[in-house]
Structures are given as C-alpha cells and as structure tokens.
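Structure first, commentary second.
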Amino acid sequence: MYRCLMPHSKCVLLLASACLWIGSPLLFGCGSDPAAPRTTVEFVLDAPLCSSMLPVEFSIDSVLVGSDTFRVRLPPDDTISPSFATTPGSHSLGAHVINGLIWPDTTVTLAEGESFSLILPFYCS
C-alpha cells in the first residue's frame with residue numbers, strides 16, 4: 001500500500017496524475033484503500049512521582065512529527081500524545097523535553113495497521 005507524506009490534497013493529485021500517465025491504475029496499484037488500518041505511534045509519559053507540565057517534542061526517523069505539553073497530576077491530566085501515522089516497517093522513535101531531558105531513541109518494527117505506544121519514563125526528585 002502506498003503512503004503519501006504530503007498533505008492529502010497534493011497526494012491525491014499526484015496519485016491521480018501518475019495513474020492517468022501510466023494508463024493502468026489496477027496493474028500498478030495506484031490509489032489507496034481508505035478502509036485499511038493505519039499504522040500509528042503514540043508517546044506515553046510515565047511519571048509516577050511528579051506533578052508538573054512538560055513540553056515534549058516527538059520524532060519518527062529523526063523527523064519532528066509533533067509536540068505536546070504533558071500535564072502530570074494537573075487538571076486536565078494529559079500524559080498521552082496524539083497518535084502519529086507512519087508506514088509499516090522499522091522506525092526510530094525519539095522524544096525530548098524542550099530544553100531538557102532527551103530520551104534515548106528506540107527502534108521498533110511495526111506491522112500494517114499496528115498501533116504502538118512508546119513509554120517515556122520520567123522521575124522527579
């Protein structure tokens with residue numbers, strides 16, 4: 001299955017152009033199955049002894065994919081990032097507190113449609 005890393009409208013236009021140019025979309029597999037399960041990654045902060053706000057940036061294969069401000073034991077509690085879509089296969093996942101702690105990169109191999117949660121341990125002293 002083809003996964004486009006561009007905004008959806010550009011991806012659809014590119015695929016449509018390629019399929020028309022090739023002339024045989026079925027033979028070459030142009031298009032995508034919107035019902036196919038997405039492969040996703042989320043980041044989960046594990047901070048059992050903390051009460052704080054932590055701005056964190058997330059990366060997949062050394063590319064920044066998003067950020068979130070985790071709120072630990074502060075309303076509203078937020079310790080799980082949004083889910084980020086990726087492709088099946090091997091990926092390096094990274095996270096760091098902005099201007100602070102850097103968690104070591106973790107390499108994972110994801111199957112089609114798999115959802116993976118990377119646990120980020122954090123200890124306050």
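The values are calculated or read from the model by the stated rules, or taken from the named source; none is laboratory data. This structure is a prediction, so every number in the text was calculated from the model and none was measured. Note that each Cβ is placed from the backbone with ideal geometry, even for glycine, and that neighbours are counted across all protein chains shown. Accessible surface areas use protein heavy atoms only, side chains included; no ligands, DNA or RNA. Shrake-Rupley method; radii C 1.70, N 1.55, O 1.52, S 1.80 Å.
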Next on the checklist: Suppose the filter is part of a loop (DSSP other than H, G, I, E, B), open to solvent by 30 Å² or more (accessible area, probe 1.4 Å) and either free of Cβ contacts under 8 Å to residues at least 24 places away in the same chain or closer than 21 Å to GLU112 by Cβ (or both); does ALA35 pass it?
Outcome noted: yes
Item to check | Pairs, first on the phi > 0 side of the Ramachandran plot in the range 40-67, second among the polar types (S, T, N, Q) and assigned to a strand (DSSP E or B), C-beta under 7 Å, six or more apart | outcome: ASP61/SER92; SER62/SER92
